[in-house]
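Undergrad: Just passing along the structure, written as structure tokens.
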């Protein structure tokens, strides 16, 4: 069985789910993905392969970095280039005007996700309801922008920006809100995710390349170890007898531990193998949260 993570550079024009299915067919393993990318967006899409799917919950709430290009002067119903044009304006902001207002969007802000999005309203995707001509009211949500920079500005009304943001941020909405603040309109022409928590575009692989090296022995560093994206969780190595107890659903009491009231990555001290995620309570009691393997595997 192949267990681990693929950092996919998702191509433009396909959904995140279809990209995941393509990898499933290539590797002939069960797969899952973390963090939906719009079909028109490209970039980092973490794919959990095999038993890595058990640990998706631990890598969902991570910060993201996107680079995006916006076109001022035109708005679309989807806030991106795939939508229908809804309005025009002759007001095109200048470079210094854009740079001046960007700090206003940093920190905790509120935004309303676009109606053409995968956000669910009463269990149904907003984009599906819109296509059925249903009235959709999407509540605002709080997000956090860590950093927002103008990377380039073109005299033909295009601007390229980079944003470092919290989970749940809609870049299309951010772009439209920036344009509104400048008294203009815009839509997102290009959207590329370059980082999602541990996963970076620097180490991403394309579907084409993955197809070429489908042989597991050739995957090398492209199949990342299952525990690799859990880098922000403390590690704890325990004797095999303790590990076995946890594997069997029993708790383990630690006499001394510097790690308390926290999830931990559990390793077998004898083999050094990753065994799963556990929780260490304030009184040193270790309980299994999500186990990976039996030491006999």
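Residues checked against (1) assigned to a loop (DSSP other than H, G, I, E, B); (2) over 23 Å from residue 41 (Cβ atoms); (3) modelled with pLDDT under 95:
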site	(1), (2), (3)
83	yes, no, yes
93	yes, yes, no
97	no, yes, no
100	no, yes, no
103	no, yes, no
109	no, no, no
115	yes, no, yes
118	yes, no, yes
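Undergrad: Given the conditions (1) in contact with a helix residue (DSSP H, G or I) (Cβ under 6 Å, 6 or more places away or on another chain); (2) farther than 16 Å from residue 223 by Cα, report the number of the one that residue 17 does not fulfil.
TA: (1)
Undergrad: Just for strands (runs of 3 or more DSSP E) wholly inside the range 178-297: which have at least 2 residues that are in contact (Cβ under 8 Å) with a residue 40 or more places away in the chain and closer than 30 Å to residue 163 by Cα?
TA: The strands (runs of 3 or more DSSP E) meeting that bar are 186-196.
Undergrad: Determine which single condition residue 122 fails, assuming it passes every other condition in (1) surrounded by fewer than 15 Cβ atoms within 10 Å (Cβ to Cβ); (2) touching a strand residue (DSSP E or B) at 6+ places or on another chain (Cβ under 7 Å); (3) within 24 Å of residue 34 (Cα to Cα); (4) at pLDDT below 95.
TA: So residue 122 meets the others, but not (2).
Undergrad: Still on this model: When the range 162-183 is examined, which residues are found to be over 29 Å from residue 48 (Cα atoms) and surrounded by fewer than 22 Cβ atoms within 10 Å (Cβ to Cβ)?
TA: Correct list: 177, 180, 181, 182, 183.
Every residue, every condition in (1) under 30 Å from residue 184 (Cβ atoms); (2) assigned to a helix (DSSP H, G or I); (3) in the same structural domain as residue 213 (by TED's automatic domain parsing), yes or no:
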residue: 14; (1), (2), (3): no, no, yes
residue: 39; (1), (2), (3): yes, no, yes
residue: 43; (1), (2), (3): yes, no, yes
residue: 47; (1), (2), (3): no, no, yes
residue: 52; (1), (2), (3): no, yes, yes
residue: 68; (1), (2), (3): yes, no, no
residue: 75; (1), (2), (3): yes, no, no
residue: 78; (1), (2), (3): yes, no, no
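Undergrad: For the range 6-28, which positions are in contact (Cβ under 8 Å) with a residue 40 or more places away in the chain and either under 23 Å from residue 227 (Cβ atoms) or surrounded by fewer than 20 Cβ atoms within 10 Å (Cβ to Cβ) (or both)?
TA: 6, 7, 8, 9, 11, 22, 23, 26, 27
Undergrad: I would also like to ask the following. Mind checking whether some residue in the range 73-80 is surrounded by fewer than 17 Cβ atoms within 10 Å (Cβ to Cβ) and either in contact with a strand residue (DSSP E or B) (Cβ under 9 Å, 6 or more places away or on another chain) or within 30 Å of residue 230 (Cβ to Cβ) (or both)?
TA: Yes, the range 73-80 has at least one match.
Undergrad: Working carefully through the options 65, 47, 85, 70, find the one that is without any contact (Cβ under 8 Å) to a residue 60 or more places away in the chain, within 30 Å of residue 182 (Cα to Cα) and either surrounded by 15 or more Cβ atoms within 10 Å (Cβ to Cβ) or over 14 Å from the mean Cα position of the chain (by Cα) (or both).
TA: Matching residue, one of 65, 47, 85, 70: 85.
Undergrad: Only one residue in 259, 205 is surrounded by 15 or more Cβ atoms within 10 Å (Cβ to Cβ), out of contact with any helix residue (DSSP H, G or I) (no Cβ under 8 Å at 6 or more places or on another chain) and either outside the structural domain of residue 112 (by TED's automatic domain parsing) or at pLDDT below 95 (or both). Which one?
TA: From the options 259, 205, the qualifying one is 259.
Undergrad: How many of the residues making up the range 165-209 are farther than 19 Å from residue 78 by Cα and within 20 Å of the chain's Cα centre (by Cα)?
TA: Of the residues in the range 165-209, 17 are farther than 19 Å from residue 78 by Cα and within 20 Å of the chain's Cα centre (by Cα).
The values are calculated or read from the model by the stated rules, or taken from the named source; none is laboratory data. All values reported here derive from a predicted model rather than from experimental measurement. Note: ideal-geometry Cβ built from the backbone for every residue, glycine included; neighbour counts use all protein chains shown.
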